[in-house]
Amino acid sequence: MALYEKEACFSPRRGEIDDDLASIRRSFQGLIDMGAKLQANKKRVLYSGNLALLITEWTLVGTDPSGKSINLAGRGTIVFRRQPDGNWLMVIENPWGTE
């Protein structure tokens, strides 16, 4: 959670938005509880001043609570903002790319 700005938003599923850190934390906790493994690879980064757009390709593999296999993949977009201390934090994360 230390990678997100306080007012960040995240899309845990297509068409859904978590717009506070508590909701984002719950979404990730569900994946952690399932033992899901996430792998992400940087494809491109575009910079403009204190903003950056990261384009990734990712896979997520795990098992849901009913025992069904989860095997997802996508191309995501993440907007970062450079903080006064020079660190970059996520402002918007959309694992579903442009959907």
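Quick note: the coordinates plus some simple rules give every number you see, no bench work behind them. All of these numbers come straight from a predicted model, not from anything done at the bench. Glycine also receives a Cβ, built like all others from the backbone with ideal geometry; neighbour counts cover every protein chain displayed.
Quick look at the numbers
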quantity	calculated
Convex hull volume per residue in cubic angstrom - Cα atoms of region 4-94	105
Extension gain, Val91 back to Ala73 (0.36 nm per residue minus Cα-Cα distance, nm)	4.3 nm
Sorted by Cβ density within 10 Å, fewest first, the residues Ser27, Ser69	Ser69, Ser27
Under 12 Å from the Met34 label point (7 Å along Cα→beta-carbon), backbone N, region 55-99	60-73
Cα-centred dipole magnitude for the chain, charges only on beta-carbon of K, R (+1) and D, E (-1), debye, nearest 20	360
³J(HN,Hα), Karplus 6.51/-1.76/1.60, whole Hz, each residue of region 41-47, x for Gly, Pro	10, 5, 9, 6, 10, 10, 10
Distance in nm between pseudo-label sites at Arg14 and Arg26 (7 Å out along the Cβ direction from Cα)	2.3
Stretchable slack from Arg82 to Val61, in nm (0.36 nm times residue separation minus alpha-carbon distance)	4.5 nm
